[in-house]
Amino acid sequence: MAQQHTPRSGAVIGDRVVVRYLLGESTPADWRGNPDAAQSDVTGFLIDDADPVRLERDGEVVSIPAAAITSVKLLSAKPVRNKEIRALEGVAARSWPGVETAWIAGWFVRAGHGFSRRANSAIPLDMSAHPDATTLGRIAQWYADRDLRPLLALPERLLKASVVGGVEDVEVQMLTCDVTVLTGRLGEFGSDAVRLADEPDADWLAAYTGHRSGGDTDAARQVVTAGDGPPIFAAIVDAESSAVTAIGRGVVTESPDGRKWLGLSALWTDPERRRSGLSTRVLAALVAWGADHGADAAYLQVETTNRVAGAWYRRLGFGLHHTYRYITPDVPSPDPALREH
(Lines give C-alpha, C1' and ligand atoms only; values in the text may rest on other atoms or scores of the structure.)
Protein backbone atom coordinates (compact mmCIF):
# COMPACT_ATOMS: atom_id res chain seq x y z
CA MET A 1 0.00 0.00 0.00
CA ALA A 2 1.18 3.54 -0.72
CA GLN A 3 0.72 4.43 2.93
CA GLN A 4 3.96 2.54 3.48
CA HIS A 5 5.71 5.13 1.30
CA THR A 6 4.14 8.55 1.74
CA PRO A 7 4.35 8.79 5.57
CA ARG A 8 8.11 8.33 5.36
CA SER A 9 8.29 11.50 3.30
CA GLY A 10 5.97 13.39 5.62
CA ALA A 11 3.67 14.13 2.67
CA VAL A 12 -0.09 14.41 3.03
CA ILE A 13 -2.85 15.00 0.49
CA GLY A 14 -2.27 18.34 -1.23
CA ASP A 15 1.53 18.33 -0.97
CA ARG A 16 3.88 18.68 -3.93
CA VAL A 17 6.07 15.60 -4.17
CA VAL A 18 8.47 13.73 -6.39
CA VAL A 19 7.59 10.05 -6.70
CA ARG A 20 10.34 7.79 -8.02
CA TYR A 21 9.32 4.38 -9.32
CA LEU A 22 10.44 1.29 -11.22
CA LEU A 23 9.32 1.32 -14.83
CA GLY A 24 6.93 -1.40 -15.93
CA GLU A 25 3.81 -2.10 -17.95
CA SER A 26 1.50 -0.55 -15.34
CA THR A 27 3.55 2.61 -14.67
CA PRO A 28 3.77 5.89 -16.58
CA ALA A 29 6.41 5.91 -19.32
CA ASP A 30 9.72 7.60 -18.66
CA TRP A 31 9.23 11.29 -19.43
CA ARG A 32 12.76 11.54 -20.78
CA GLY A 33 12.00 9.02 -23.48
CA ASN A 34 15.01 6.90 -22.51
CA PRO A 35 14.41 3.32 -23.72
CA ASP A 36 17.09 1.95 -21.36
CA ALA A 37 15.79 3.61 -18.18
CA ALA A 38 14.90 1.29 -15.29
CA GLN A 39 13.37 4.03 -13.15
CA SER A 40 11.58 7.32 -13.67
CA ASP A 41 9.86 9.96 -11.55
CA VAL A 42 6.83 12.22 -11.52
CA THR A 43 6.56 15.62 -9.83
CA GLY A 44 3.07 16.77 -8.92
CA PHE A 45 0.53 17.34 -6.16
CA LEU A 46 -0.57 14.32 -4.14
CA ILE A 47 -4.31 13.77 -4.52
CA ASP A 48 -4.59 10.16 -3.31
CA ASP A 49 -2.17 8.10 -1.20
CA ALA A 50 -4.07 4.84 -1.60
CA ASP A 51 -2.97 2.17 -4.07
CA PRO A 52 -2.31 3.36 -6.73
CA VAL A 53 -0.82 6.68 -5.66
CA ARG A 54 -2.29 9.49 -7.74
CA LEU A 55 -0.70 12.83 -8.54
CA GLU A 56 -1.98 15.87 -10.38
CA ARG A 57 0.66 17.10 -12.84
CA ASP A 58 -0.12 20.08 -15.07
CA GLY A 59 -3.84 19.27 -15.04
CA GLU A 60 -3.26 15.56 -15.73
CA VAL A 61 -3.84 12.79 -13.17
CA VAL A 62 -0.99 10.28 -13.04
CA SER A 63 -1.38 6.91 -11.27
CA ILE A 64 1.54 4.85 -9.94
CA PRO A 65 1.15 1.37 -8.37
CA ALA A 66 2.44 1.37 -4.79
CA ALA A 67 4.58 -1.72 -5.38
CA ALA A 68 6.58 0.14 -8.04
CA ILE A 69 7.41 3.14 -5.84
CA THR A 70 10.97 3.35 -4.56
CA SER A 71 10.83 6.76 -2.89
CA VAL A 72 8.62 9.76 -2.25
CA LYS A 73 10.25 13.13 -1.66
CA LEU A 74 8.30 16.00 -0.16
CA LEU A 75 8.80 19.38 -1.88
CA SER A 76 7.90 22.94 -0.99
CA ALA A 77 4.49 23.93 -2.34
CA LYS A 78 6.36 26.27 -4.68
CA PRO A 79 10.07 26.88 -5.24
CA VAL A 80 11.64 28.56 -2.21
CA ARG A 81 15.09 30.14 -2.03
CA ASN A 82 17.39 29.69 0.95
CA LYS A 83 17.24 33.40 1.72
CA GLU A 84 13.44 33.11 2.00
CA ILE A 85 13.84 30.24 4.48
CA ARG A 86 16.30 32.29 6.49
CA ALA A 87 13.95 35.31 6.47
CA LEU A 88 10.89 33.34 7.58
CA GLU A 89 12.82 31.48 10.28
CA GLY A 90 14.03 34.85 11.52
CA VAL A 91 10.44 36.11 11.72
CA ALA A 92 9.33 32.95 13.54
CA ALA A 93 12.25 33.12 15.98
CA ARG A 94 11.50 36.75 16.83
CA SER A 95 7.83 35.92 17.41
CA TRP A 96 8.68 33.06 19.83
CA PRO A 97 12.09 34.00 21.30
CA GLY A 98 11.78 32.61 24.79
CA VAL A 99 12.68 35.01 27.58
CA GLU A 100 16.40 35.40 26.92
CA THR A 101 18.33 35.51 23.65
CA ALA A 102 21.85 35.94 22.34
CA TRP A 103 23.88 35.65 19.14
CA ILE A 104 26.75 33.17 19.05
CA ALA A 105 28.75 33.09 15.81
CA GLY A 106 25.67 33.53 13.61
CA TRP A 107 23.41 31.30 15.73
CA PHE A 108 20.35 32.83 17.40
CA VAL A 109 20.12 31.15 20.81
CA ARG A 110 17.09 31.44 23.05
CA ALA A 111 16.04 30.17 26.45
CA GLY A 112 12.62 30.06 28.05
CA HIS A 113 12.95 28.17 31.34
CA GLY A 114 12.74 24.91 29.39
CA PHE A 115 9.17 25.55 28.19
CA SER A 116 8.78 24.37 24.56
CA ARG A 117 11.50 23.32 22.14
CA ARG A 118 11.16 26.49 20.10
CA ALA A 119 11.87 28.79 23.04
CA ASN A 120 14.89 26.73 24.13
CA SER A 121 16.82 26.05 20.95
CA ALA A 122 19.51 27.62 18.80
CA ILE A 123 18.97 28.23 15.09
CA PRO A 124 21.54 29.14 12.40
CA LEU A 125 19.97 32.35 11.09
CA ASP A 126 23.06 34.11 9.75
CA MET A 127 24.92 32.85 6.69
CA SER A 128 28.08 32.78 8.83
CA ALA A 129 26.65 30.13 11.19
CA HIS A 130 28.59 26.85 11.13
CA PRO A 131 28.45 23.74 13.35
CA ASP A 132 32.17 23.72 14.22
CA ALA A 133 33.27 22.29 17.56
CA THR A 134 34.15 25.67 19.06
CA THR A 135 30.79 27.22 18.23
CA LEU A 136 28.79 24.20 19.40
CA GLY A 137 30.81 24.21 22.61
CA ARG A 138 29.94 27.88 23.20
CA ILE A 139 26.25 27.15 22.55
CA ALA A 140 26.33 24.18 24.91
CA GLN A 141 27.98 26.32 27.58
CA TRP A 142 25.34 29.06 27.16
CA TYR A 143 22.58 26.53 27.79
CA ALA A 144 24.44 24.87 30.66
CA ASP A 145 24.66 28.26 32.35
CA ARG A 146 20.86 28.21 32.36
CA ASP A 147 20.60 24.57 33.45
CA LEU A 148 19.35 23.54 30.01
CA ARG A 149 20.61 20.97 27.54
CA PRO A 150 21.75 22.30 24.16
CA LEU A 151 19.14 21.90 21.45
CA LEU A 152 19.48 22.97 17.81
CA ALA A 153 16.69 23.72 15.33
CA LEU A 154 18.10 23.02 11.87
CA PRO A 155 16.25 24.08 8.70
CA GLU A 156 16.94 21.15 6.37
CA ARG A 157 17.95 23.32 3.42
CA LEU A 158 20.32 25.45 5.50
CA LEU A 159 22.05 22.82 7.62
CA LYS A 160 21.38 19.08 7.66
CA ALA A 161 21.20 17.28 10.97
CA SER A 162 23.51 14.56 9.60
CA VAL A 163 26.27 17.15 9.16
CA VAL A 164 26.06 18.24 12.80
CA GLY A 165 25.79 14.84 14.44
CA GLY A 166 23.90 14.03 17.61
CA VAL A 167 20.53 12.70 18.67
CA GLU A 168 17.83 13.66 16.17
CA ASP A 169 14.44 14.66 17.50
CA VAL A 170 11.14 15.57 15.84
CA GLU A 171 10.92 17.02 12.33
CA VAL A 172 8.69 20.08 11.93
CA GLN A 173 7.01 21.46 8.82
CA MET A 174 6.79 25.20 8.32
CA LEU A 175 3.52 25.88 6.47
CA THR A 176 2.51 29.19 4.88
CA CYS A 177 -0.57 30.69 3.23
CA ASP A 178 -1.67 34.08 1.94
CA VAL A 179 -4.04 35.79 4.35
CA THR A 180 -6.46 36.53 1.50
CA VAL A 181 -6.76 32.80 0.80
CA LEU A 182 -7.43 32.05 4.46
CA THR A 183 -9.92 34.90 4.74
CA GLY A 184 -11.81 33.55 1.75
CA ARG A 185 -11.98 30.02 3.15
CA LEU A 186 -12.66 30.97 6.76
CA GLY A 187 -15.02 33.89 6.14
CA GLU A 188 -18.14 31.76 6.50
CA PHE A 189 -17.17 30.67 10.01
CA GLY A 190 -18.40 33.15 12.58
CA SER A 191 -15.99 34.21 15.29
CA ASP A 192 -18.48 35.85 17.66
CA ALA A 193 -17.91 33.07 20.18
CA VAL A 194 -14.15 33.67 20.20
CA ARG A 195 -12.78 35.87 22.95
CA LEU A 196 -9.66 37.90 22.06
CA ALA A 197 -7.37 39.33 24.73
CA ASP A 198 -3.99 41.06 24.86
CA GLU A 199 -2.85 38.84 27.72
CA PRO A 200 -3.41 35.14 28.43
CA ASP A 201 -5.54 34.66 31.53
CA ALA A 202 -5.23 31.79 33.99
CA ASP A 203 -7.77 29.64 32.14
CA TRP A 204 -5.98 30.11 28.79
CA LEU A 205 -2.66 29.15 30.35
CA ALA A 206 -4.18 26.18 32.14
CA ALA A 207 -5.63 24.91 28.87
CA TYR A 208 -2.33 25.37 27.04
CA THR A 209 -0.10 23.79 29.67
CA GLY A 210 -2.57 21.12 30.78
CA HIS A 211 -1.95 18.94 27.73
CA ARG A 212 1.84 19.36 27.83
CA SER A 213 4.12 17.25 29.98
CA GLY A 214 5.81 19.33 32.66
CA GLY A 215 3.55 22.28 31.94
CA ASP A 216 4.58 25.34 33.98
CA THR A 217 2.06 28.17 33.74
CA ASP A 218 4.49 30.86 34.92
CA ALA A 219 7.13 29.84 32.38
CA ALA A 220 4.44 29.50 29.73
CA ARG A 221 3.17 33.02 30.41
CA GLN A 222 6.66 34.45 29.98
CA VAL A 223 7.23 32.53 26.74
CA VAL A 224 3.90 33.21 25.02
CA THR A 225 3.88 36.92 25.88
CA ALA A 226 7.41 37.52 24.55
CA GLY A 227 8.34 38.42 21.00
CA ASP A 228 8.35 41.18 18.41
CA GLY A 229 4.88 42.57 17.91
CA PRO A 230 2.26 42.31 20.66
CA PRO A 231 0.51 38.92 20.55
CA ILE A 232 -3.21 38.25 20.73
CA PHE A 233 -4.76 35.34 22.62
CA ALA A 234 -7.96 33.67 21.43
CA ALA A 235 -10.23 31.42 23.46
CA ILE A 236 -13.66 29.84 23.28
CA VAL A 237 -15.38 29.32 26.61
CA ASP A 238 -18.21 26.85 27.09
CA ALA A 239 -21.33 28.77 28.15
CA GLU A 240 -22.54 26.05 30.53
CA SER A 241 -19.34 24.86 32.20
CA SER A 242 -17.25 28.04 31.74
CA ALA A 243 -14.41 25.76 30.66
CA VAL A 244 -12.01 26.83 27.93
CA THR A 245 -12.60 24.49 25.00
CA ALA A 246 -10.27 25.95 22.34
CA ILE A 247 -7.38 28.41 22.24
CA GLY A 248 -4.86 29.97 19.90
CA ARG A 249 -2.19 32.67 19.74
CA GLY A 250 -1.39 35.13 16.97
CA VAL A 251 1.36 37.69 16.48
CA VAL A 252 2.21 39.93 13.53
CA THR A 253 5.95 40.30 12.85
CA GLU A 254 7.59 42.23 10.05
CA SER A 255 10.35 40.62 7.98
CA PRO A 256 13.40 42.56 6.71
CA ASP A 257 11.75 43.04 3.31
CA GLY A 258 8.79 44.78 4.95
CA ARG A 259 6.33 41.91 4.64
CA LYS A 260 4.11 41.38 7.67
CA TRP A 261 3.60 37.80 8.76
CA LEU A 262 0.88 36.43 11.01
CA GLY A 263 2.37 33.74 13.21
CA LEU A 264 -0.17 31.18 14.44
CA SER A 265 0.66 29.04 17.44
CA ALA A 266 -0.72 27.38 20.59
CA LEU A 267 -3.70 26.08 18.61
CA TRP A 268 -5.48 23.58 20.85
CA THR A 269 -8.97 22.14 21.23
CA ASP A 270 -10.37 20.06 24.07
CA PRO A 271 -10.19 16.43 22.83
CA GLU A 272 -13.83 15.95 23.85
CA ARG A 273 -14.89 18.79 21.54
CA ARG A 274 -12.78 18.13 18.46
CA ARG A 275 -14.39 17.99 15.00
CA SER A 276 -17.03 20.48 16.14
CA GLY A 277 -15.60 23.50 14.34
CA LEU A 278 -14.04 25.19 17.38
CA SER A 279 -10.50 25.23 15.96
CA THR A 280 -11.79 26.70 12.73
CA ARG A 281 -13.54 29.50 14.61
CA VAL A 282 -10.40 30.29 16.59
CA LEU A 283 -8.32 30.31 13.42
CA ALA A 284 -10.87 32.54 11.66
CA ALA A 285 -10.73 35.06 14.51
CA LEU A 286 -6.92 35.10 14.55
CA VAL A 287 -6.69 35.51 10.77
CA ALA A 288 -9.19 38.37 10.85
CA TRP A 289 -7.16 40.03 13.61
CA GLY A 290 -3.95 39.53 11.61
CA ALA A 291 -5.50 41.06 8.49
CA ASP A 292 -6.61 44.07 10.54
CA HIS A 293 -2.99 44.47 11.67
CA GLY A 294 -1.58 44.48 8.16
CA ALA A 295 -0.51 40.84 7.75
CA ASP A 296 -0.66 39.54 4.19
CA ALA A 297 0.77 36.06 4.86
CA ALA A 298 0.48 33.54 7.68
CA TYR A 299 2.68 30.72 8.91
CA LEU A 300 2.49 27.95 11.47
CA GLN A 301 4.56 24.95 12.50
CA VAL A 302 3.32 21.38 12.73
CA GLU A 303 5.21 18.21 13.54
CA THR A 304 5.56 15.91 10.54
CA THR A 305 4.05 13.03 12.50
CA ASN A 306 0.86 15.01 13.21
CA ARG A 307 -0.74 14.04 9.92
CA VAL A 308 -4.30 14.85 10.99
CA ALA A 309 -3.46 18.49 11.74
CA GLY A 310 -1.17 18.66 8.71
CA ALA A 311 -3.93 17.50 6.37
CA TRP A 312 -6.42 19.98 7.91
CA TYR A 313 -4.06 22.89 7.38
CA ARG A 314 -3.58 21.84 3.73
CA ARG A 315 -7.33 21.84 3.22
CA LEU A 316 -7.44 25.40 4.49
CA GLY A 317 -4.86 26.45 1.92
CA PHE A 318 -1.54 26.09 3.73
CA GLY A 319 1.39 24.63 1.83
CA LEU A 320 4.86 23.49 2.81
CA HIS A 321 7.51 26.19 2.88
CA HIS A 322 10.33 24.10 4.35
CA THR A 323 11.12 21.67 7.15
CA TYR A 324 13.45 21.80 10.12
CA ARG A 325 14.58 19.22 12.64
CA TYR A 326 15.55 19.43 16.28
CA ILE A 327 18.79 17.76 17.32
CA THR A 328 20.76 17.45 20.53
CA PRO A 329 24.34 17.98 19.32
CA ASP A 330 27.16 15.64 20.14
CA VAL A 331 29.38 17.96 22.20
CA PRO A 332 31.46 17.41 25.35
CA SER A 333 29.89 18.37 28.65
CA PRO A 334 30.61 22.03 29.41
CA ASP A 335 33.31 22.80 31.97
CA PRO A 336 31.63 23.94 35.22
CA ALA A 337 34.51 26.37 35.75
CA LEU A 338 33.38 28.29 32.65
CA ARG A 339 29.86 28.97 33.88
CA GLU A 340 28.69 32.57 33.80
CA HIS A 341 28.91 34.51 37.03
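For Glu199 and Glu25 in one chain, what is 0.36 nm times their gap in residues minus the Cα-Cα distance, to one decimal in nm?
Stretched fully, the Glu199-Glu25 segment lengthens by 56.5 nm.
Let's test this: bin the Cα-Cα distances of the chain at 10 Å from zero up to the farthest pair and state each bin's percent.
In order of increasing distance, the bins hold 5, 23, 30, 24, 14, 4, 1, 0 percent.
For the chain, give the magnitude of the charge dipole about the Cα centre (Cβ charges: +1 Lys/Arg, -1 Asp/Glu; no others), in debye to the nearest 20.
I would put it at about 360 debye.
Could you work out the relative contact order of the chain, using alpha carbon pairs under 8 angstrom and six or more residues apart, expressed as a whole percent?
Relative contact order of the chain: 21 percent.
Quickly work out the Ala239-to-Arg117 label distance, labels modelled 7 Å from Cα along the C-beta direction, and quote it in nm with one decimal.
Roughly 4.0 nm, to one decimal.
Just need log10 I(q)/I(0) for region 174-325 at q = 0.11, 0.13, 0.17, 0.18 Å⁻¹, Debye formula, equal scatterers on the alpha-carbon atoms, no solvent, rounded to two decimals.
The Cα Debye sum returns log10 ratios of -0.40, -0.57, -1.02, -1.15.
I need the phi-derived Karplus couplings for region 60-75: 6.51 cos²θ - 1.76 cosθ + 1.60, θ = phi - 60°, integer Hz, Gly and Pro marked x.
Going residue by residue, I get 10, 8, 10, 10, 9, x, 4, 5, 8, 6, 9, 6, 10, 10, 7, 10 Hz, with x marking Gly and Pro.
Would you grab the residues whose amide H sits under 5 Å from the one on Glu303? Only those 5+ places off in sequence or on another chain, please, with H modelled 1.01 Å from N.
Correct list: Gln173.
Provide the solvent-accessible area of His130, counting protein heavy atoms only and rolling a 1.4 Å probe, rounded to the nearest 10 Å².
That residue has around 110 Å² of solvent-accessible surface.
Please tell me the relative contact order of region 174-325 in percent, rounded to the nearest whole number, where contacts are Cα pairs under 8 Å and at least six residues apart.
Relative contact order of region 174-325: 34 percent.
Provide the solvent-accessible area of Leu267, counting protein heavy atoms only and rolling a 1.4 Å probe, rounded to the nearest 10 Å².
Its heavy atoms expose roughly 60 Å² to the probe.
Hey, in the GNM for the chain with a 10 angstrom Cα cutoff, which one of Arg16, Arg86, Arg185 fluctuates hardest?
Arg185
Among DSSP beta bridges whose residues both lie in the chain, state the antiparallel percentage, nearest 5.
That works out to approximately 95 percent antiparallel.
The values are calculated or read from the model by the stated rules, or taken from the named source; none is laboratory data. The structure presented is a predicted model; accordingly, all values stated were derived computationally and were not measured. Heads up, the Cβs are rebuilt from the backbone with ideal geometry, glycines too, and the neighbour counts pull from every protein chain shown. These area figures cover heavy atoms from the full protein model, side chains too; ligands, DNA and RNA do not enter into them. Shrake-Rupley method; radii C 1.70, N 1.55, O 1.52, S 1.80 Å.
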